[in-house]
Amino acid sequence: MTMFEQSQWVWMDGEMVPWREATVHVSSHALHYGTGVFEGIRSYETADGAAIFRLEAHLERFYASAAVYGLQIPFDTSQLAEAVCDLIGRNGFRSCYVRPICYYGSDNLGLLPDKCPVHVNILAWPWKGYHTGTPLEKGISVTVSSWRKFHSSMMPTTAKACGQYVNSILAIRAAASEGYDEALLLDMNGSICEGSGENIFLVHGRTVLTNCEQDSILMGVTRDAVITIARDLGLPVEIRPLEMEDLLSADEAFFTGTAAEVTPIRAVDGKPIGQGTRGPVTALIQQKFFAIVKGSVPEYQHWLHPVLGASVSSSTARSKRPQMV
């Protein structure tokens, strides 16, 4: 069974398409060269129904990533927001992961994609998380990858682009082959960048540290939320370059991301971080984060976009095979 067994519908270029018919042509430019951008968004079940965490911020980054690569998204943000809600409702989901993707389709396979059509698709599927259950309490084991994160002068690190993730795939596959849960990538100068798909935070005493876009990281939406949460909890937050000695001398460390949420790091290359388990500051931030996404903290309600009331009026069910070329 794949993680997509419960998904019945995909939103493709303004239409709802049955999952098994949601296909692209093998000559699509993005398939060959990774010329696309995407987002990772999560819907949570709350007492008032399904709600999408920071949908507007995710869509803002989606459009910014597309602009970097010259992709003109042929829908506005309100249309995509409605499409996301419609898709979650059509599939009958409450808690799920949502993946919008914009990419170049089929026209030619030269490197210049300007004549290729631009497609926008949205998928949704139930996904508990990247590191669920015990890892959220006990933490995960991490190794420093031999693969380095590319510098922003090589590729735009603040864009969430498809082809760029080959860098992360190399790192996580190497880490998994050695028995680790996750990889930590450094930059070309040996400073800390991020995990294969997460931002990193360190805790020294009660001070929370993280790095920024000058350090070749993706500016995570969850990262931004955690910075706000930490400050609202009265914790000092420092944003600056991070070195390996900062990590190895830290009392606590954790990853953040849409899939990872807030995941403690218990050890790096076998060396325990702090007490080798989730620390008190991480636990405090983690507990507040999960209370927020479940709709239990009124002052953060603006971070939740309700799915209730979503209609399918903007999208039509489609039974015949789409011609996505």
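The values are calculated or read from the model by the stated rules, or taken from the named source; none is laboratory data. Quick caveat: nothing in here was measured; it's all calculated off a predicted structure. With ideal geometry, Cβ positions are generated from the backbone for all residues, glycine too; neighbour counts draw on all protein chains shown. When the accessible area is computed, the model is the full protein with side chains, heavy atoms only, and any ligands, DNA or RNA have been set aside. Shrake-Rupley method; radii C 1.70, N 1.55, O 1.52, S 1.80 Å.
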Worksheet item: Add -39500 (n - 2.57) for each DSSP H run of 4 or more in the chain, then divide by its residues: what number comes out at 222 nm, to the nearest 500 deg cm²/dmol?
Response: -7500 deg cm²/dmol
Worksheet item: Once you put a point 7 Å from the Cα of Val26 and another 7 Å from the Cα of Arg173, both along the Cβ direction, what distance in nm separates them?
Response: 2.1
Response to the item:
One finds the C-alpha centres of the stretch 79-117 and the stretch 47-70 to be spaced, in Å, by 12
Worksheet item: HN-Hα J couplings of the stretch 29-34 from phi, Karplus 6.51/-1.76/1.60, θ = phi - 60°, integer Hz, Gly and Pro as x?
Response: 4, 5, 5, 8, 10, x
Worksheet item: Rounded if a/c is under 1.5, else prolate if a/b is larger than b/c, else oblate: which is the stretch 81-146, with a ≥ b ≥ c the root eigenvalues of its Cα gyration tensor?
Response: oblate
Item to complete: Go through 70-77, 145-152 and give me the packing order, highest mean Cβ count within 10 Å leading.
Response: 145-152, 70-77
Item to complete: May I ask you to list the aspartates and glutamates whose Cα is less than 13 Å away from that of Lys115, ignoring any residue fewer than eight positions away on the same chain?
Response: Asp107
Discussion item. Need the full-extension length gain, Glu137 to Gln301, defined as separation in residues times 0.36 nm minus the C-alpha distance. One decimal, nm.
Written reply: 56.5 nm
Item to complete: Please name whichever of Pro117, Trp147, Gly89 sits farthest to the positive end of the charge dipole of the stretch 80-179, dipole taken about the Cα centre and charges placed at Cβ: Lys and Arg +1, Asp and Glu -1.
Response: Trp147
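Using a 1.4 angstrom probe on the protein heavy atoms only, could you order Leu80, Leu233 from most to least accessible area? Walk me through the intermediate numbers first.
Numbers: Leu80 5, Leu233 50 Å².
Largest accessible area first, the residues go Leu233, Leu80.
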Worksheet item: So, counting K/R as plus one and D/E as minus one, what does the shell of residues with Cβ under 11 Å around Leu233 add up to?
Response: +2
Worksheet item: Could you give the dipole magnitude of the chain about its Cα centre, charging the beta-carbon of Lys and Arg +1 and that of Asp and Glu -1, in debye to the nearest 20?
Response: 640
Discussion item. Rounded, prolate or oblate for the stretch 65-207? Axes are the square roots of the Cα gyration tensor eigenvalues, ordered a ≥ b ≥ c, and the cut-off for rounded is a/c under 1.5.
Written reply: oblate
Response to the item:
Out of Phe254, Met3, Ala230 - ranked by how far each Cα lies towards the positive end of the dipole of the chain, with unit charges on the beta-carbon of charged residues - the top one is Met3
Worksheet item: For the pair Lys128 and Leu284, how long in nm is the line joining their label points, each one 7 Å along Cα→Cβ?
Response: 2.9
Worksheet item: Which three semi-axes in whole Å describe the equivalent ellipsoid of the chain, each the square root of 5 times a Cα gyration tensor eigenvalue, listed largest first?
Response: 33, 24, 17
Practice prompt. Counting only heavy atoms of the protein chains, get the accessible area per residue of the stretch 56-169 (1.4 Å probe) and round it to a whole Å² value.
Written response: 45
Worksheet item: Excluding Cys96 itself, what net charge comes from residues whose Cβ is under 11 Å from its Cβ, given Lys and Arg +1 and Asp and Glu -1?
Response: +3
Worksheet entry | Using a Förster distance of 56 Å, the FRET efficiency for Lys115-Thr207 (Cβ separation, nearest 0.05) | 0.60
Discussion item. So for each of 167-176, 99-108 I average, over its residues, the number of other beta carbons within 10 Å; can you give me the resulting order with the highest mean first?
Written reply: 99-108, 167-176
Discussion item. Can you list residues from other chains, or at least 5 along the same chain, whose modelled amide H is less than 5 Å from the amide H of Ala267?
Written reply: Ile140, Val142, Ile273
Practice prompt. Answer rounded, prolate or oblate for the stretch 1-111, using the Cα gyration tensor with square roots of eigenvalues a ≥ b ≥ c: rounded when a/c is under 1.5, else prolate when a/b is larger than b/c, else oblate.
Written response: oblate
Worksheet item: Ignoring any ligand, DNA or RNA, what whole percent of the accessible area of the chain comes from carbon and sulfur when the probe is 1.4 angstrom?
Response: 53
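Calculate, for Asp48 and Val237, the FRET efficiency according to 1/(1 + (r/R0)^6) with r their C-beta to C-beta distance and R0 35 Å; round to the nearest 0.05. Each step should come with its number before you reach the end.
Details: r = 30 Å, r/R0 = 0.87.
Here the calculated transfer efficiency is 0.70.
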Worksheet item: Residues of the stretch 231-298: accessible area per residue at 1.4 Å, in Å²?
Response: 42
Practice prompt. Considering Cα pairs under 8 angstrom that are at least six residues apart, work out the relative contact order of the chain and quote it in whole percent.
Written response: 24
Worksheet item: Applying 1/(1 + (r/R0)^6) with R0 = 56 Å to the Cβ-Cβ distance of Asn189 and Leu308, what FRET efficiency is obtained, to the nearest 0.05?
Response: 0.70
Fill in: Virtual spin-label span in nm between Ala67 and Asn108, 7 Å along Cα→Cβ
2.8
